[in-house]
Every structure is written in C-alpha cells, then in structure tokens.
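Coordinate-derived values only; no laboratory data. Because the structure is a prediction, the values reported are computed rather than measured. Glycine also receives a Cβ, built like all others from the backbone with ideal geometry; neighbour counts cover every protein chain displayed.
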DNA sequence: ACGACTCAGATTGCATACAATATGTATACA
DNA sequence: TGTATACATATTGTATGCAATCTGAGTCGT
C-alpha cells in the first residue's frame, strides 16, 4: 500500500474523515482559502483534492461557487435503501471468492480496531473503524466496476451510522454487539471462501442497519421499499 | 458545470469521446502540454479535467508520471461480466419506475440518433449513440448510488462495442438489428412503467452483448492492449 | 561486454499573480 | 417602503514561473 504522507494526501484523508464523521456537515460550504491554511498547501493542489473528492461523491462542485459537502436527503436515502442490499451482497460474495491471505489479516486487524473502538472509542472512531472494515471487503472483491457504487454507499452509510454509534438504550447496545458478531462471521465465511454464506451474512448485516436507519428516520417504524430482489451475481 | 460550452468542458467532452471510441487507446499516455495546446487552455484547468476523468475511471493518474487512458485487461473483463447484468437490470427497472415524460422524449431522440448512426454513421458514431441511449436510462433511474458503477460499466462497454459496431458478417448485422429492437422495447417498457419487463429486457440485451464479447475474447482475437492492471498511486 | 553511476533534458507538481465572476451594500428612484 | 441599479469586496478560475522529480543517454569501472 502506498500510504504516502504528503501534505496533499494528508489533506485528502483529513477531509474524508471529517466528512464521514459529520464533523463537516452535509451541505456545509468549503472555503478554499481556509482549507489551504489549515492543511498547509496552496490553492492549486487543494483544488485538485476537492475535484477528486467530488469524483468520489464526498463533495459537490458548483461553477464559480465553490465546493460543499454532499447532501443527504430523504430522496437519496430511498436510493440508498434500493442500492445497498444488492451491492453489499455482491461485494461480500466476491470478497469470499477473491480475497488474498494478506487481506484476511488486514480484515482481522480492522475488526480488532473496531472492537477496541466499541470499548473505549468515541462515536467517530467507531464509525470510521466500521467503515474501514467494510472498505477492506470492497478491496477483496477486486471488481473495479462495483467498487465505485460500493464506496459511494459506504460514504453515506458512515454518515448515517454516526447517529447510532452513540447508543442510548440497551437495545442499541445489543444491535451494535450483533453487528460486531456479524463481522466475525463475515471474516470466517470469507476465510473459508464460502460465497453463499458471505452473501447471506451481507443480507443479515444490512437488515440490521436498515432497521436502525428506518427507526431513526421514521420513528413510526414504517417500512421502506427494500429494493429489488437480489440479483444473480454470476454472469 | 456541464452543458456549458467553455474551453474546459469542450476539452472534457472531447477526451471522453476519444476514450470511448478508442481514438485514445487504453494505456495511452496523455501529455499535458499537448492536450493544453490542442484544446486551448493552460495546464491548471487541464489538470483539473484529468483529475475529474480519473475520478470517473476514464484515466489513471500516476504520481509524477502523468495520466494514461485506463487499461482494459482480461481480469477487468471478468469483473465486467460479473457486474454488468446486475447493474444493468437494476438501472432499467428503476428507470421504468422513475422516468419523467421529458426523459422519455430524450430517450426516443437518442434512439433516433442510434438508428441514423446504424444507417450512415461511422463505427464511433454508433458506439457513442448507443452509449448515449444507455446513459439516459441511467439518469432516469435517478439513483446516485448505482450510477457510479453504471457509468463505469458504460465506459468499458462502449470501448468493447467499438470492436463489433463494424459488422463483417450477416450474423453481426442481425445482432445489431436485435440490439436496435431491444432499444425500442426498452423504451416501451419504460414508458409503460413496467419495471419487470424492463428488467427482463435488460437481461436479454446484456445476453446479446455478452455473447458478442465472449466471441471476441475467446478466439484470442481481442486486438486491444491487455496490459497488467495499472497500480494507482495516491497523490 | 555488462552494470552502476552521473548529469542534462523533459515532465510533473506547486505557489503565486492576475482575470473573471459572484455577493453584499448602499444609493437612487418610483 | 419596495425595488432596481451600481459599485466595492470577496471568491473562484486561469496563466505562468519556478521547484521537484523522472527519464535516458553517456561515462566510468570492473
């Protein structure tokens, strides 16, 4: 992994983390001059960073009117509910098929970090650790055509999850424990190259998030459309 | 930012078209200075265009070593076969559900252009017209989480299709006619808001491309550069 | 010969100055 | 009072010069 530590990639990483954790709120305006001062680089490279972030969906660029953190609307949440189960299942199935031993170790380490964050971390640490876990499964899947949508989903998933990685009730805490156990089972299924099991776990893991999100968005508990039936992934 | 007719967006459009039609071959090195001269803008905005193209998968940026048109390898073709049927079916189903009347008109116009290109157009015109048709269905689907992968698929689909929009046998010509008829049926299904039918047409339409692509790949006849996957570098 | 090293030339990355465009405020007028 | 216009300010977009890095030919040594 080329985790270069240039001012530019630091700025990129910092902006991504800030957006994922809602430290930069959806819709917030980004001032080029301020960002340049904060991260110690000039406008040219910062503008390139912003353009890359725009390509990945983190921000939106408006002609002559600067960048703003990408919005999260109810309309986009509906689209999220449609896309997520399909993409997540496909990614985990492919991860089980294509993962390398080195990636298994990476994933286990990410899970360790996740558990540690659940024990003594802040809400943001938990959301970021969970995000990292799932991004590794994305790398494992090794499919350049599914990754763009998968990463776009993870962006909003992390932002939404910030609302429920600060549990208030015992039910909340149990949900988080279930998610943690899902991760363990996912590692096992991927390690065993069991694509079918990985796909089922993806569905179960998604159902957990789905219910949690539905609760938060509509306290009445209405169920949203859950997307089309899962498509065949092979051929 | 788009639709605007600035030197910048012209350069963007020209590069996209050149890449889609293989006028710029996969793996080709892009010289900033040459591109600037050709499109009449300086390096700063051109670099921003290249960065945007990188975000959308058209080019790959390598640290201190410039941009190159994104490769198409055998590995990526396998990934393509896995992702395409799933995403295409989902997009067309959603298009049937969410399309607006104005978009139906747009789609019909795109189909007219496609038919005209089949009659008197060059290979590139046909591939671009087909690409435009499908991109409109993507807009109709109106799902920001599926679109990134869909558009990434269309990029390579257009490039691959360049190898078979120059038909040599009657079988080739019949295949193209079937594709044209599929488009007509797709418009009907979307107009009728018949998501199930749209999904089935997606499968049929994909099967056509799949067989065509398999033909070209299996005999070892794919005359595209099939280099190793480029290793992306963070900047 | 073969390989490692050196150093021009070329290309990329960055900073800054300048031009173009948007925003906010004050004033003129109905 | 409300609206429109004009101007000052702030912000964004572009061009250019310079620094950093890569490439490749030539040289040296073994």
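List of remarks:
- Rg followed by Dmax, in Å, when segment A:7-69 is reduced to its Cα trace: 10.4, 27
- Reduced Cα scattering model of the protein assembly as shown, Debye log10 I(q)/I(0), q = 0.05, 0.13 Å⁻¹: -0.19, -1.36
- Spatial separation of Cα centroids for segment A:85-109 and segment B:152-204, in angstrom: 32
- Across peptide B:85-92, the mean count of Cβ atoms from other chains lying within 10 Å of each residue's own Cβ comes to 5.
- Rounded, prolate or oblate (a/c below 1.5 giving rounded, otherwise prolate when a/b exceeds b/c) for segment B:74-217 by Cα gyration tensor: oblate
- The residue A:78 and residue B:63 beta-carbon pair, evaluated with R₀ = 30 Å, returns a calculated FRET efficiency of approximately 0.15.
- Nearest-ten-degree value, helix A:123-141 long axis tilted from longest Cα axis of chain A: 70
- Mean residue ellipticity (222 nm) of chain B, computed from DSSP H runs ≥ 4 via -39,500 (n - 2.57), nearest 500: -23000 deg cm²/dmol
- Angle of helix A:43-55 to the longest C-alpha principal axis of chain A, folded into 0 to 90 degrees and rounded to 10: 30°.
- Inter-copy label distances at residue A:29, shortest first and taken from points set 7 Å along Cα to Cβ: 4.4 nm.
- Inter-copy label distances at residue B:166, shortest first and taken from points set 7 Å along Cα to Cβ: 6.1 nm.
- In nanometres and ascending order, the distances from the residue A:63 label point to those of the other copies are 3.5 (point 7 Å from Cα along Cα→Cβ).
- Rounded to 0.05, the FRET efficiency of the residue B:44 and residue B:17 pair, given R0 = 30 Å and the Cβ-Cβ distance, is 0.85.
- For the residues of A:59-71, the average number of beta carbons from a partner chain within 10 Å of their own beta carbon is 1.
- Alpha carbon centroid spacing (whole Å) that separates segment A:23-47 from segment B:5-80: 26
- Pair residue B:31, residue B:100: separation of 7 Å Cα→Cβ label points (nm): 4.5
- Rounded tilt (10° steps) of A:147-161 against the dominant C-alpha axis of chain A: 90
- Neighbouring partner chain Cβ atoms per residue of B:146-154, average, 10 Å criterion: 6
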